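S.K.: The structure's right below; bear with me while I get my questions together.
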Amino acid sequence: MQREFFDNNQCVAIEKKINELVDDGNAGLFKKCTVDITPLRSKYFFGYGYTYGSGMGSEKVYPDGEIDPIPKWITEMIIEPLEEKGIVKKNWINSAVVNDYKPGGCISSHIDPPHIFERPIISISFLSNCQLSFGCKFRYKPMRVSKPVHSVPLKRGYLTSIDRFAANEITHCIRPCDVVSRRAVVILRRVRDDAPRVSSMELQLSSTQHTNEYHSEAQKRTKRLRSRSMSPRTKRKLSPLKHQQSESISAIRGNVKSQKQQKTSTIISTENKTDKQEKAVKHHHHHHNHNSHSNKSNEDEKKTARKSTVDDNKLSTNDNKTITTIYTTNLLKKKRKFKSFI
Ligand SMILES: O=C(O)CCC(=O)C(=O)O
């Protein structure tokens, strides 16, 4: 389901708030589980956040207190209008996520974990137009994304709600080629009352495995800003820090076995597709997935499935297996990358 929800003036006001939120994030004002940053997209979790766990189905919700509450402006400017228009019941939404994409940013194919989130999944787009794609396959290095089985426009100010087949039977994604300029989305969902929780013990383990990268990133940014206004002498003194001051991004990867996902994440249609159309689409997907004739193509599919686990979601600051990837400004230019495993 899609409908225009906010006019231009309302979008402008909300986009201003999104920019403030990003500034607060950069200043290190949020709890570490609230923020999940990768080079081309940032995610901000409010109300509830979850770990990607060790595979599809093993995602768990962080304990209370580890995530910032839903900001007042999201409640007043977005959730209350949804409630007033009867789109959701009062107090049904208990989780809000803001994604901020740079051009070329993406979210690889996934199904929002049904054991964590109730349906429908509601989102409202801001800053630019995009497209929600269903049933794509992602391949990495170099990144390639297959043609969607179905796609819907995500216009600025428009609300999209997915449920049933669109939410449960087929993966959805944002393809990098569809993010042509900066885009943001606010995703509004209800975390199930019986969603599994990360225990305090698990949380402790994961925080000893990686120090608070989000906050140390914020400190580095502050140092960088300070160093810009320093005398050349002070700058020279700090030169050993140069490496640290350059752009660095920490990422964590969940050890996901998404072969399973690739197999089960069969295709879809959107809600308005007829059963007949759905069957046709399913058939197409079945053919695409399972009727590979050579072993090589089977193997390729398996590789793709494994790689698709290393998506932007998995490369996040919120999990317990950590890959710290340090990009220096120079390295970015030279396209070199250091990886150190913690
Ligand atoms: O950007 C969007 O509209 C969709 C994002 C999404 O599916 C997600 O963050 O799980």
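The values are calculated or read from the model by the stated rules, or taken from the named source; none is laboratory data. Every value quoted in this text rests on a predicted model; they were computed, and no experiment measured them. All Cβ positions, even for glycine, are placed from backbone atoms using ideal geometry, and neighbour counts span all protein chains on display.
S.K.: With Val88, Val97, Val149 as the choices, which residue is farther than 22 Å from Cys33 by Cβ and either surrounded by 19 or more Cβ atoms within 10 Å (Cβ to Cβ) or within 13 Å of the ligand (Cβ to nearest atom) (or both)? If you could, list the steps in order and put the result at the bottom.
M.R.: On the way: Val88 fails: either surrounded by 19 or more Cβ atoms within 10 Å (Cβ to Cβ) or within 13 Å of the ligand (Cβ to nearest atom) (or both); Val97 fails: farther than 22 Å from Cys33 by Cβ.
Going through Val88, Val97, Val149 in turn, just one is farther than 22 Å from Cys33 by Cβ and either surrounded by 19 or more Cβ atoms within 10 Å (Cβ to Cβ) or within 13 Å of the ligand (Cβ to nearest atom) (or both): Val149.
S.K.: Identify, by number, the condition in (1) in contact (Cβ under 8 Å) with a residue 24 or more places away in the chain; (2) closer than 27 Å to Asn19 by Cβ that Lys72 doesn't meet.
M.R.: (1)
S.K.: Same structure again: Are any of the residues in the range 156-167 closer than 28 Å to Glu80 by Cβ, away from the ligand (no atom under 13 Å from the Cβ) and surrounded by fewer than 16 Cβ atoms within 10 Å (Cβ to Cβ)?
M.R.: For the range 156-167, residues closer than 28 Å to Glu80 by Cβ, away from the ligand (no atom under 13 Å from the Cβ) and surrounded by fewer than 16 Cβ atoms within 10 Å (Cβ to Cβ): present.
S.K.: Oh, and also: Looking at (1) within 14 Å of the ligand (Cβ to nearest atom); (2) at pLDDT below 95; (3) more than 21 Å from Leu40 (Cα to Cα), which is the one condition that is false for Ser200?
M.R.: (1)
S.K.: Return yes or no: is Ile121 within 16 Å of the ligand (Cβ to nearest atom) and surrounded by fewer than 21 Cβ atoms within 10 Å (Cβ to Cβ)?
M.R.: Numbers: within 16 Å of the ligand (Cβ to nearest atom): yes; surrounded by fewer than 21 Cβ atoms within 10 Å (Cβ to Cβ): yes.
Considered against the rule, which asks whether it is within 16 Å of the ligand (Cβ to nearest atom) and surrounded by fewer than 21 Cβ atoms within 10 Å (Cβ to Cβ), Ile121 comes out as yes.
S.K.: Would you confirm, using the coordinates I've provided, whether Ile79 is more than 25 Å from Pro176 (Cβ to Cβ) and either touching a Ser or Thr at 6+ places or on another chain (Cβ under 7 Å) or in a loop (DSSP other than H, G, I, E, B) (or both)?
M.R.: Working: more than 25 Å from Pro176 (Cβ to Cβ): yes; either touching a Ser or Thr at 6+ places or on another chain (Cβ under 7 Å) or in a loop (DSSP other than H, G, I, E, B) (or both): no.
It is false that Ile79 is more than 25 Å from Pro176 (Cβ to Cβ) and either touching a Ser or Thr at 6+ places or on another chain (Cβ under 7 Å) or in a loop (DSSP other than H, G, I, E, B) (or both).
S.K.: Quick one: count up the residues across the range 3-60 that are assigned to a strand (DSSP E or B), surrounded by fewer than 18 Cβ atoms within 10 Å (Cβ to Cβ) and either among the acidic types (Asp, Glu) or within 14 Å of the ligand (Cβ to nearest atom) (or both). Talk me through it step by step, then tell me what you get.
M.R.: The first filter runs over the range 3-60 and keeps only residues assigned to a strand (DSSP E or B), leaving 3-4, 35-38, 41-46, 50-51, 60.
Cutting the leftovers down to surrounded by fewer than 18 Cβ atoms within 10 Å (Cβ to Cβ) gives us 3-4.
Then keep just the ones that are either among the acidic types (Asp, Glu) or within 14 Å of the ligand (Cβ to nearest atom) (or both); that gives 4.
Summing the residues that are assigned to a strand (DSSP E or B), surrounded by fewer than 18 Cβ atoms within 10 Å (Cβ to Cβ) and either among the acidic types (Asp, Glu) or within 14 Å of the ligand (Cβ to nearest atom) (or both) in the range 3-60 gives 1.
S.K.: With respect to Lys137, determine if the residue is among the basic types (Lys, Arg), away from the ligand (no atom under 14 Å from the Cβ) and in contact with a Pro (Cβ under 9 Å, 6 or more places away or on another chain). Give the steps one after another, and end with the answer.
M.R.: On the way: among the basic types (Lys, Arg): yes; away from the ligand (no atom under 14 Å from the Cβ): yes; in contact with a Pro (Cβ under 9 Å, 6 or more places away or on another chain): no.
So Lys137 fails the test.
S.K.: Something else about it: Filter the range 79-98 down to residues that are small (Gly, Ala, Ser) and without any contact (Cβ under 8 Å) to a residue 12 or more places away in the chain, then give me how many there are.
M.R.: Looking only at that region, the number is 1.
S.K.: Looking at Ser200, Ser123, Ser161, Ser128 in this structure, which one is touching a residue at least 12 places away in the same chain (Cβ under 8 Å), over 30 Å from Lys16 (Cβ atoms) and out of contact with any Gly (no Cβ under 7 Å at 6 or more places or on another chain)? Please lay out each step first, then the result.
M.R.: Details: Ser123 fails: over 30 Å from Lys16 (Cβ atoms); Ser161 fails: over 30 Å from Lys16 (Cβ atoms); Ser128 fails: over 30 Å from Lys16 (Cβ atoms).
Unique residue meeting the criteria: Ser200.
S.K.: Okay, next question. I'd like to verify a number: residues in the range 177-197 that are of a type in the set (Gly, Ala, Ser) and away from the ligand (no atom under 12 Å from the Cβ), how many? Show your work before the answer.
M.R.: First pass over the range 177-197, keeping only residues of a type in the set (Gly, Ala, Ser): 181, 184, 195.
Keeping just the survivors that are away from the ligand (no atom under 12 Å from the Cβ) gives 181, 195.
Qualifying residue count, the range 177-197: 2.
S.K.: Every residue in the range 144-179 that is over 17 Å from the mean Cα position of the chain (by Cα) and assigned to a loop (DSSP other than H, G, I, E, B), please.
M.R.: Ser146, Lys147, Pro148, Val149, Lys155, Arg156, Gly157, Asp163, Glu169, Ile170
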